[in-house]
Amino acid sequence: MWAALGAVLILQACAVYIPAAQSLVGTTDLTATDWITAAAIASSMLWIEELRKAARTRLTEATQPAKSDRQRRTLGIARRT
């Protein structure tokens, strides 16, 4: 996923900064602020999904029954006292 995001950013940079590509696609130069805004918006769904998965993992772990002593030793989890 990160490689795809990087490839898209590189291709966008080519379309924006290479004069032949600018005339073909009809783009103009972007400022640093424009790039930061575009990257933040483009990656927002990735960040939202990662936060959703982390929250789901925490909620799932909180609602599961306690593990047996053998499972705890295997997983390296300290016993609650």
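Quick note: the coordinates plus some simple rules give every number you see, no bench work behind them. Note that the structure is a prediction, hence the values are computed from the model and not measured. Counting neighbours? That spans all protein chains shown, and the Cβs are built from the backbone with ideal geometry, glycine included.
Miscellaneous remarks
- Sorting ASP34, ASP29 from the fewest to the most surrounding beta carbons within 10 angstrom yields ASP29, ASP34.
- Listing VAL8, VAL16 from fewest to most neighbouring C-beta atoms within 10 Å gives VAL8, VAL16.
- Phi angles of region 29-44 translate, via the Karplus equation with coefficients 6.51, -1.76, 1.60 and θ = phi - 60°, into HN-Hα couplings of 4, 10, 7, 4, 4, 4, 5, 4, 4, 5, 5, 5, 5, 5, 8, 4 Hz per residue; Gly and Pro are given as x.
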